[in-house]
Amino acid sequence: MIIIKNRITNFSLAVFLLTVFMSCSNGQKTVPQQEGLKDYFKGRFLIGTALSDDQILGKDSLALDFVARHFNSITAENAMKWERIHPEPGVYSFGKADSMVDYGQRNNMFIVGHCLLWHSQTPKWVFEDSLGKPLTREALLQRLKEHIFTVVGRYKGKVGGWDVVNEAIGDDGMMRKSKWLEIIGEDFVQKAFEYAREADPKAELYYNDYNIELKGKREGVIKLIKDLQAKGIKVDAVGIQGHWHLDSPDLNEIEESFRAYAALGLKIMITEFEVNVIPEPTGIVGAEISQRADYQEKMNPYPVSFPDSMQQVLAKRYAALFDLFLKYQDNVSRVTFWGVQDGNSWKNNWPIPGRKNYPLLFDRNYEPKPAYQAVIETVKKAPVKQ
Ligand code: G3I
């Protein structure tokens, strides 16, 4: 009897160990939950991150467990952009996006689709016919509709919200000059929202852009959204990208934008958040990726490590920003970081390639920085959301 019991016990133990081994050795794992950043924000707003292709593919062995611990929302940094998911006419490449969505679902995360329409990272063929001539308005609308129906349709009920239109307004507050505007006209934004709504009526739909906390551009976005609302088009949220710096934008400016967007009945999301800590070339503010500058040593002040004194400056800035987000926790529904840890940030290579930046809450070894502690302290003291 004892022998049988031991056998059963040994067998159970073997099954248990095998399960643990399997769950740790393939990409399909269910991640054990430890307390992480997201837990401190329970009942307030979602805490998200962007996932790079390598992270989605599980090539970065620490990342996926770490993300499941600290974040409850994910966005593909690149995998769902038109050039990636629909690289050629009639050819869709869903592999990475599917993996990300599976991972998000397994870990009960709110999944964000980024993005359906953008002036950038959209192949040239999208705007041309088979002879290389510019498409007509009707043909481009048809192509946009087909793209949105295919992509949104595939993830219907799985992706909770879409960046439907990304960066359609210029820094002057006018519609940005793009092929979409040139061929379709200003109502390309309206059409994109209509198609997305039809493709998944339950998904949230967002307008996403950078520098839209700043007065000039903000006014352009407010006008755009009011025009859409007047036509009966519902925009669920505005995505303020939040590619910010130690000393800008001013907190008052951000607060003013929160009030203005909330007054339109929109939820507010900080969608691509980081705080840049190294110098920017004059005139470059925001995230216009066509702007670039050459490498210069003096523009790369911390090539080895980030000094403690600067960690404190970053911590203070993060605390002040989160203080503001928490003040508007009735309106702010998600804060998504653009990268998991400093080594993943696009800010290491933009606008100057090959620098070392330290803009996130976790360092290159996945260790929390003083800024992480400062954010936790901030949320612990914030009044509870009613
Ligand atoms: O994956 C390829 C790799 O195979 C190749 O060897 C290498 C050589 O250039 O390129 C790699 O792809 C790069 C990709 O990032 C992954 O690192 C692309 O060239 C590069 O263009 C791409 O940059 C992305 C950029 O958008 C353009 O799509 C950044 O990762 C991404 O952070 C950035 O994100 C945007 C948001 O979508 C919209 N708002 C602004 C934000 C920052 O620009």
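If you check Ala76, Ala68, which single one turns out to be free of Cβ contacts under 8 Å to residues at least 60 places away in the same chain, within 19 Å of Lys158 (Cβ to Cβ) and out of contact with any Phe, Trp or Tyr (no Cβ under 9 Å at 6 or more places or on another chain)?
Of Ala76, Ala68, the one residue that is free of Cβ contacts under 8 Å to residues at least 60 places away in the same chain, within 19 Å of Lys158 (Cβ to Cβ) and out of contact with any Phe, Trp or Tyr (no Cβ under 9 Å at 6 or more places or on another chain) is Ala76.
Quick one: which residue in Arg317, Arg355 is over 25 Å from His114 (Cα atoms) and surrounded by fewer than 20 Cβ atoms within 10 Å (Cβ to Cβ)? Give the derivation first.
Numbers: Arg355 fails: surrounded by fewer than 20 Cβ atoms within 10 Å (Cβ to Cβ).
Within the list Arg317, Arg355, the selection yields Arg317.
Out of all the residues in segment 87-100, which are over 11 Å from Val159 (Cα atoms) and either within 16 Å of the ligand (Cβ to nearest atom) or in contact (Cβ under 8 Å) with a residue 12 or more places away in the chain (or both)?
Pro87, Glu88, Pro89, Tyr92, Ser93, Phe94, Gly95, Lys96, Ser99
Test each condition in (1) modelled with pLDDT of 95 or more; (2) loosely packed, with under 14 Cβ neighbours inside 10 Å for Thr282 and report the one that comes out false.
In the conditions (1) modelled with pLDDT of 95 or more; (2) loosely packed, with under 14 Cβ neighbours inside 10 Å, Thr282 misses (1) alone.
Checking Ile284 against (1) in a loop (DSSP other than H, G, I, E, B); (2) in contact with a Ser or Thr (Cβ under 6 Å, 6 or more places away or on another chain), which single condition isn't satisfied?
(2)
Would you check which residues across segment 198-229 are over 17 Å from Gly286 (Cβ atoms), assigned to a loop (DSSP other than H, G, I, E, B) and within 16 Å of the ligand (Cβ to nearest atom) and list them?
None - no residue of segment 198-229 is over 17 Å from Gly286 (Cβ atoms), assigned to a loop (DSSP other than H, G, I, E, B) and within 16 Å of the ligand (Cβ to nearest atom), so the list stays empty.
State which residue pairs qualify: first residue aromatic (Phe, Trp, Tyr) and inside segment 329-352, second residue modelled with pLDDT under 95 in any location, beta carbons under 6 Å apart, and separation of 6 or more residues or different chains.
From segment 329-352, no pairs qualify.
Quick one: Tyr295 ticks every box in (1) modelled with pLDDT under 95; (2) aromatic (Phe, Trp, Tyr); (3) surrounded by 13 or more Cβ atoms within 10 Å (Cβ to Cβ) bar one, so which box is it?
Only one criterion is unmet by Tyr295, namely (3).
Testing Lys156 on (1) in contact with a Gly (Cβ under 7 Å, 6 or more places away or on another chain); (2) part of a loop (DSSP other than H, G, I, E, B); (3) not hydrophobic (A, V, I, L, M, F, W, C), one condition comes back false. Which one is that?
(1)
Could we say that Arg84 is more than 25 Å from Arg364 (Cβ to Cβ), within 11 Å of the ligand (Cβ to nearest atom) and either touching a residue at least 12 places away in the same chain (Cβ under 8 Å) or not in a loop (DSSP other than H, G, I, E, B) (or both) here?
Considered against the rule, which asks whether it is more than 25 Å from Arg364 (Cβ to Cβ), within 11 Å of the ligand (Cβ to nearest atom) and either touching a residue at least 12 places away in the same chain (Cβ under 8 Å) or not in a loop (DSSP other than H, G, I, E, B) (or both), Arg84 comes out as yes.
Can you pull out the residues in segment 42-81 that are within 13 Å of the ligand (Cβ to nearest atom) and either aliphatic (A, V, I, L, M) or touching a strand residue (DSSP E or B) at 6+ places or on another chain (Cβ under 7 Å) (or both)?
Thr49, Ala50, Leu51, Ile56, Leu57, Thr75, Ala76, Glu77, Ala79, Met80, Lys81
Restricting attention to segment 289-305, does a residue exist that is within 16 Å of the ligand (Cβ to nearest atom), under 30 Å from Ala262 (Cβ atoms) and out of contact with any strand residue (DSSP E or B) (no Cβ under 6 Å at 6 or more places or on another chain)?
Yes, that holds for at least one residue.
Is segment 101-111 home to any residue that is under 19 Å from Phe273 (Cβ atoms), in a helix (DSSP H, G or I) and either within 16 Å of the ligand (Cβ to nearest atom) or in contact with a Ser or Thr (Cβ under 9 Å, 6 or more places away or on another chain) (or both)? Explain how you work it out, then say what you get.
Restricting attention to segment 101-111, the residues satisfying the condition of being under 19 Å from Phe273 (Cβ atoms) are 104, 109-111.
Filter once more, so that each one left must be in a helix (DSSP H, G or I): 104.
Narrowing further to those that are either within 16 Å of the ligand (Cβ to nearest atom) or in contact with a Ser or Thr (Cβ under 9 Å, 6 or more places away or on another chain) (or both): 104.
So far as segment 101-111 goes, yes, one or more of its residues are under 19 Å from Phe273 (Cβ atoms), in a helix (DSSP H, G or I) and either within 16 Å of the ligand (Cβ to nearest atom) or in contact with a Ser or Thr (Cβ under 9 Å, 6 or more places away or on another chain) (or both).
Can you name every residue in segment 39-84 that is more than 17 Å from the chain's Cα centre (by Cα) and within 24 Å of Gln386 (Cα to Cα)?
Those that are more than 17 Å from the chain's Cα centre (by Cα) and within 24 Å of Gln386 (Cα to Cα): Asp39, Tyr40, Phe41, Lys42, Gly43, Arg44.
Quick check on segment 327-344. Is at least one of its residues acidic (Asp, Glu), at pLDDT 95 or above and more than 16 Å from the ligand (Cβ to nearest atom)?
Scanning segment 327-344 turns up at least one residue that is acidic (Asp, Glu), at pLDDT 95 or above and more than 16 Å from the ligand (Cβ to nearest atom).
Please work out which residue is surrounded by the fewest Cβ atoms within 10 Å (Cβ to Cβ), limiting yourself to segment 230-249 and to residues that are among the aliphatic types (A, V, I, L, M) and in a loop (DSSP other than H, G, I, E, B).
If we take residues in segment 230-249 being among the aliphatic types (A, V, I, L, M) and in a loop (DSSP other than H, G, I, E, B), then Leu246 is surrounded by the fewest Cβ atoms within 10 Å (Cβ to Cβ).
Check off (1) away from the ligand (no atom under 14 Å from the Cβ); (2) out of contact with any Pro (no Cβ under 7 Å at 6 or more places or on another chain); (3) modelled with pLDDT under 95 for Ala319 and give me the number that stays unchecked.
Of everything listed in (1) away from the ligand (no atom under 14 Å from the Cβ); (2) out of contact with any Pro (no Cβ under 7 Å at 6 or more places or on another chain); (3) modelled with pLDDT under 95, Ala319 misses just condition (3).
The values are calculated or read from the model by the stated rules, or taken from the named source; none is laboratory data. Just so we're clear, the structure is a prediction, and the values are computed from it rather than from any experiment. We place every Cβ from the backbone using ideal geometry, glycine too, and count neighbours over all the protein chains shown.
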